[in-house]
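Here's the structure, in structure tokens; my notes come after.
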Amino acid sequence: MKVLLGIGGSDDSMRALETTVERTAEVGDDLTVAIVDNPSGERSREDMEARVTELLDERGVDAAVRALDGDPGSALVDLAENEGFDQLVLGGGETSPMGKIQIGNIAEFVLLNSHVTVTLVR
Amino acid sequence: MSDRTFSDAVADPYDAPPLSFTDREDRTIEVRAHDGSDEELEALVEMYDAFDPSDRAQGIPPGREDRIRDWLENILDEDCLNVIAWDGDEVAGHATLVPDGDAYELAIFVHQTYQRAGIGTRLIKALLGYGRESGVEKVWLTVERWNRAAVGLYQTVGFETSDAESFELEMTIRLAEPPDEEGG
């Protein structure tokens, strides 16, 4: 399966990265990791790229890594639709101090606009 | 996420617990602050274990006893303010304020057999009264926009919508004037 993982530097996208790389190692998906600019993300692009490389090496997984410019949600949907991906994977949201699940702006946009199946990693 | 807007006006004051009233089903309901005891914790676990999953909001209460206990451990912490509505020794509802920077996040749950009896309004007013008494200045919450009953309840007690751009509405209320620097 051709999988596009979008990460923007928030904690939930880092968890999605770990889970997706783990799954790719098990089932041999064709994985592309797209790094986007999430204004509420806490990590720089360089930090994210370094973490991606480190995880891929650790698990012996081969994946393309791409940097996307512009509005993150629409850039991810465009890429997933135009390049024939089967699935778009994102972090599943943060939790509030109360423990309520909160979905970020990028995930909201992608859920409502993507014609490609979306997976939110919890 | 701390760019939340709060009204400049302080909301109406409400009485702090303990208090008691008769609900629309003629049940005597007592509202008390959580006393920190294991007995009350177990009664809360029992209520949440029997909670209708269709009344969940954004993943809480969680659906398994071990997860309920983890979640309660977090929100019954001594930094949090918890108020419980009792029908005898059974929990009818529970409302909580959890610290979040200079504000508190609010949530309220009424067990399905006690809904539509006026308990939610009394319970949330008691929690806001308890919050004011304890020095809480600002409170926020999120609510699913289709949950009209809940949105109506929050508006009734003085919450105003502060962000309507996400899946969930965000609502806020001010319980006290800001500290000195903005006063005058």
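The values are calculated or read from the model by the stated rules, or taken from the named source; none is laboratory data. All figures in this text were calculated on a predicted structure; none of them were measured in a lab. Glycine gets a Cβ as well: all are built from the backbone with ideal geometry, and neighbour counts include every protein chain shown. Accessible surface areas use protein heavy atoms only, side chains included; no ligands, DNA or RNA. Shrake-Rupley method; radii C 1.70, N 1.55, O 1.52, S 1.80 Å.
Points to keep in mind about this one:
- Of all DSSP-defined beta bridges confined to chain A, some 10% are antiparallel rather than parallel.
- Axis angle, to the nearest 10 degrees, between helix B:38-49 and the longest C-alpha principal axis of chain B: 90 degrees.
- Averaged over B:51-64, number of beta-carbon atoms from partner chains that fall within 10 Å: 2
- Ordered by 1.4 Å accessible area with all protein chains kept, B:K125, B:K138 run largest first as B:K125, B:K138.
- Protection proxy ranking of B:102-109, B:41-48, by the mean of other Cβ atoms within 10 Å over each peptide's residues and highest first, is B:102-109, B:41-48.
- Peptides B:85-92, A:59-66, A:79-86 ordered by average Cβ neighbours within 10 Å, highest first: B:85-92, A:79-86, A:59-66
- Volume per residue that the Cα convex hull of the protein assembly as shown spans, once the total is divided by residue count, Å³: 154
- B:D55 contributes about 50 Å² of solvent-accessible surface, heavy atoms of the protein only, 1.4 Å probe.
- Averaged over its residues, region A:4-95 has an accessible area of 47 Å² per residue, based on protein heavy atoms and a 1.4 Å probe.
- Histogrammed with a bin width of 10 Å, the alpha carbon distances of region B:89-184 distribute as 15, 46, 31, 7, 1 percent, first bin at zero.
- Region B:1-135, Rg to Rh (Cα coordinates; Rh as Kirkwood inverse mean 1/r): 0.95
- Backbone HN-Hα couplings from phi across region A:75-84 [Karplus 6.51/-1.76/1.60, Hz, Gly and Pro as x]: 4, 5, 4, 4, 4, 4, 6, 6, 10, x
- Ellipticity estimate at 222 nm from DSSP helix runs (n ≥ 4, -39,500 (n - 2.57)) divided over the protein assembly as shown, nearest 500: -10000 deg cm²/dmol
- 0 to 90° range, to nearest 10: angle between helix B:119-133 axis and chain B longest Cα axis: 50
- Remark: region A:10-19, residue by residue, has Karplus-estimated 3J(HN,Hα) of 8, 4, 5, 6, 5, 5, 4, 4, 4, 4 Hz, where x stands for each Gly or Pro and the curve is 6.51 cos²θ - 1.76 cosθ + 1.60 at θ = phi - 60°.
- Cα gyration tensor, chain A - rounded (a/c under 1.5), prolate or oblate: rounded
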